[in-house]
Amino acid sequence: MEILKKMRDEFGKQFGVEAARAYFSPGRVNLIGEHTDYNGGHVFPCAITLGTYALAADREDDISRLYSMNMAEKGVISFSMRELSPDPEKDWANYPMGVVDVLQKAGHGASHGFDILFYGTLPNGAGLSSSASLEVLMAVILNDAFSFGLDMVELVKLSQKAENEFVGVNCGIMDQFAVGMGRKDHAVLLDCSTLEYRYSELALSGYSIVITNTNKKHTLSASAYNERRSQCEHALEELRKARPIKSLGELTREEFDKIAEMITDPVERRRARHAVYENQRTLEAVTALEQHDLEAFGKLMNASHVSLRDDYDVTGTELDTLAELAWKQPGVIGSRMTGAGFGGCTVSIVKDEAIEDFKAQLTAGYTKKIGYAPSFYVANISDGTQKIEA
């Protein structure tokens with residue numbers, strides 16, 4: 001494999017030894033169910049073949065040296081595997097450092113360090129979960145090297161904890177779960193309140209998933225993300241005066257509409273409405289897909305984007321432009337923003353023979369309005385994070 005050959009050459013240059021093991025961790029795209037994961041609702045993501053590769057070799061001391069071919073200007077970043085704390089100077093390495101830290105605190109301490117070289121094929125800042133891809137990858141490397149015997153769901157939970165507690169982004173479980181638990185040609189319906197899940201075959205005969213990148217970077221630790229979360233938490237507190245619920249995801253639309261007036265702030269009411277309605281849309285969309293009703297699935301995708309734009313206010317001009325252009329194109333079943341928003345990507349279901357025209361039309365319309373071009377990726381659906389042949 002060409003990528004691994006380049007990585008092996010670079011590994012020798014950076015570390016002066018040969019790599020012993022190779023791993024791959026996918027990115028993810030969420031088909032529907034956005035900002036529902038931390039609200040106790042359902043999500044419907046799939047892992048994609050774009051992702052993060054790693055080569056690793058054991059060291060005899062407790063130092064780890066990390067190098068990313070995507071961030072070559074940052075050089076080799078070193079840290080001790082003991083008593084870690086976040087360090088802005090170490091930049092992207094805080095994600096794998098966080099995983100080492102949470103594993104250690106959970107009783108799975110590393111007895112030595114590593115030399116690890118990373119190479120990612122995910123566009124940086126596109127909202128396809130490069131951070132979760134890196135976190136679960138590090139968890140799998142450690143689990144494999146030290147035979148901790150942790151199953152993937154446990155590794156997923158610990159990876160989320162690293163992002164929440166070490167990196168400081170209050171994300172839900174979806175990204176790490178999709179990355180770790182992905183299955184080729186399937187999406188996974190996950191109940192984020194119970195972690196119950198089931199796989200659903202993506203039978204898109206004659207259609208493909210096309211990811212369109214706004215090429216506007218988003219930063220997830222932006223206060224806006226944590227603000228949305230706290231708005232929903234406050235809305236939930238107010239709703240509990242009328243009904244004893246653990247999360248917004250427990251409510252149907254009808255149940256929410258009856259008690260929505262309990263939420264005094266109209267902005268918080270809109271945020272909560274999105275969480276409830278989006279959760280219901282997700283369940284309906286999966287049923288439609290399983291009944292081979294792609295048209296209904298597409299309409300629900302479009303409605304999801306509208307709700308994220310109007311009620312949750314996380315889209316922005318770039319994402320709205322892409323979605324609105326996509327809705328007008330022949331051969332497009334549905335299109336919506338995917339990920340946290342504030343930039344990143346849309347996901348569209350497009351008839352195979354219409355893909356080239358879709359790209360041309362969106363490029364022209366988007367460039368005219370925004371001033372620069374978007375990028376496109378036709379998504380192939382991948383298995384989750386795993387060791388691969390070195």
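For the stretch 191-223, filtered to residues that are in contact with a helix residue (DSSP H, G or I) (Cβ under 9 Å, 6 or more places away or on another chain), in a loop (DSSP other than H, G, I, E, B) and of a type in the set (A, V, I, L, M, F, W, C), the residue that is modelled with the lowest pLDDT is Leu220.
Examine the stretch 305-326 for a residue that is closer than 30 Å to Met152 by Cα and buried (at least 18 other Cβ atoms within 10 Å of the Cβ), and state whether such a residue exists. Taking every residue of the stretch 305-326 in turn, none turns out to be closer than 30 Å to Met152 by Cα and buried (at least 18 other Cβ atoms within 10 Å of the Cβ). Residues in the stretch 349-390 that are of a type in the set (D, E, K, R) and farther than 29 Å from Leu202 by Cα: Lys368, Lys369.
Report yes if Gly41 is buried (at least 24 other Cβ atoms within 10 Å of the Cβ), among the small types (Gly, Ala, Ser) and under 30 Å from His274 (Cα atoms), otherwise no. Against the criterion (buried (at least 24 other Cβ atoms within 10 Å of the Cβ), among the small types (Gly, Ala, Ser) and under 30 Å from His274 (Cα atoms)), Gly41 qualifies.
When the stretch 368-385 is filtered for residues that are part of a loop (DSSP other than H, G, I, E, B) and in contact (Cβ under 8 Å) with a residue 24 or more places away in the chain, the ones remaining, listed by number, are Tyr372, Ala373, Pro374, Asn380, Ser382, Asp383, Gly384, Thr385.
Yes/no per residue for (1) surrounded by fewer than 19 Cβ atoms within 10 Å (Cβ to Cβ); (2) within 25 Å of Ser230 (Cβ to Cβ); (3) within 17 Å of the chain's Cα centre (by Cα):
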| position | (1), (2), (3) |
| --- | --- |
| Leu117 | no, no, no |
| Gly120 | no, no, yes |
| Pro123 | no, no, yes |
| Gly127 | no, yes, yes |
| Ser133 | no, no, yes |
| Val136 | no, no, yes |
| Asp144 | yes, no, no |
| Gly168 | yes, yes, yes |
| Cys171 | no, yes, yes |
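For the structure I just gave you, tell me whether Asp265 is farther than 22 Å from Ala126 by Cβ, surrounded by fewer than 18 Cβ atoms within 10 Å (Cβ to Cβ) and either in contact with a Pro (Cβ under 7 Å, 6 or more places away or on another chain) or of a type outside the set (Val, Ile, Thr) (or both). For Asp265, the condition - farther than 22 Å from Ala126 by Cβ, surrounded by fewer than 18 Cβ atoms within 10 Å (Cβ to Cβ) and either in contact with a Pro (Cβ under 7 Å, 6 or more places away or on another chain) or of a type outside the set (Val, Ile, Thr) (or both) - is met. If the condition is being among the acidic types (Asp, Glu) and either at pLDDT 95 or above or crowded, with 24+ Cβ neighbours inside 10 Å (or both), then the stretch 1-36 contributes Asp9, Glu10, Glu18, Glu34.
Looking across the stretch 224-245, just one residue is among the acidic types (Asp, Glu) and modelled with pLDDT under 95, and that is Glu227.
How many residues, within the stretch 70-79, are out of contact with any Asp or Glu (no Cβ under 6 Å at 6 or more places or on another chain) and surrounded by 13 or more Cβ atoms within 10 Å (Cβ to Cβ)? I'd like the intermediate steps shown before the answer.
If we filter the stretch 70-79 for residues that are out of contact with any Asp or Glu (no Cβ under 6 Å at 6 or more places or on another chain), which is where we start, we get 70-73, 75-79.
When the remaining residues are screened for being surrounded by 13 or more Cβ atoms within 10 Å (Cβ to Cβ), the result is 70-71, 76-79.
Number satisfying all stated conditions: 6.
The values are calculated or read from the model by the stated rules, or taken from the named source; none is laboratory data. Everything numeric in this text was worked out from a predicted model, so none of it was measured. Because the Cβ atoms are built from the backbone with ideal geometry, glycine has one as well, and the counts that use them run over all protein chains shown.
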